[in-house]
Amino acid sequence: MDNHNQETFVILLGQVQPDLRRYIYSLCHNMGDTEDIFQETSLALWRKFETYDKSQPFLNWSFRFAYYEVMKFREKSKKRQLLSEETLKLLSEECQKSQDIKKEHERFLSDCVTKLASDEQELVNMRYSQKMTVVKMNQHFGETGKKIYRALERIRFKLYACIDNKLESEGLK
């Protein structure tokens with residue numbers, strides 16, 4: 001594997017690592033086992049990275065490897081299995097569906113933020129992109145009290161309603 005592919009792999013794995021760990025944990029319910037399976041999954045992904053179709057989401061590709069690594073781990077494990085293979089398969093499918101729904105919510109959220117007034121977008125940017133505390137935002141605007149807090153609360157309700165409408169209009173609700 002050349003340097004560019006190595007760098008691409010490391011970046012992609014770093015981006016999906018939290019979701020991939022949660023997925024593995026949802027299938028085995030043990031943090032120690034999750035870490036072992038995550039390491040094996042990472043190695044398998046590394047070995048097969050040349051076969052990765054870059055037009056597909058890396059996370060979905062990773063989920064397939066993780067599922068098989070969980071199955072291999074279960075076969076090797078001497079521990080009593082709490083969940084049947086069929087139940088694990090159902091959990092795997094549900095986890096992948098929830099990941100897809102999460103992506104839709106993120107897409108809808110981005111679209112909804114662009115529909116906010118510019119001053120509301122600025123507050124959202126300061127709070128969530130710049131990770132400013134409400135106290136620092138109050139200082140920035142020379143405010144006291146809960147004016148910024150209430151404004152953020154109103155914005156959250158607007159965003160929630162906007163996302164809810166989009167989910168309903170696309171038949172996802």
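The values are calculated or read from the model by the stated rules, or taken from the named source; none is laboratory data. No experiment lies behind these values; they were computed from the predicted model shown. Reconstructed Cβ throughout: ideal geometry from the backbone, glycine too, with neighbour counts over all protein chains shown.
Summary of values
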| item | result |
| --- | --- |
| Selection status of E104, of a type in the set (D, E), assigned to a helix (DSSP H, G or I) and either in contact (Cβ under 8 Å) with a residue 12 or more places away in the chain or surrounded by 14 or more Cβ atoms within 10 Å (Cβ to Cβ) (or both) | yes |
| Residue check, L27 at pLDDT 90 or above and of a type outside the set (G, A, S) | no |
| Condition met for Q99 (loosely packed, with under 12 Cβ neighbours inside 10 Å and of a type outside the set (F, W, Y)) | no |
| Residues that are in a helix (DSSP H, G or I) and surrounded by fewer than 11 Cβ atoms within 10 Å (Cβ to Cβ), drawn from the stretch 154-173 | F157, E168, S169 |
| Hits in the stretch 10-59 - residues which are loosely packed, with under 15 Cβ neighbours inside 10 Å, in a helix (DSSP H, G or I) and of a type in the set (K, R) | R22, R47, K48 |
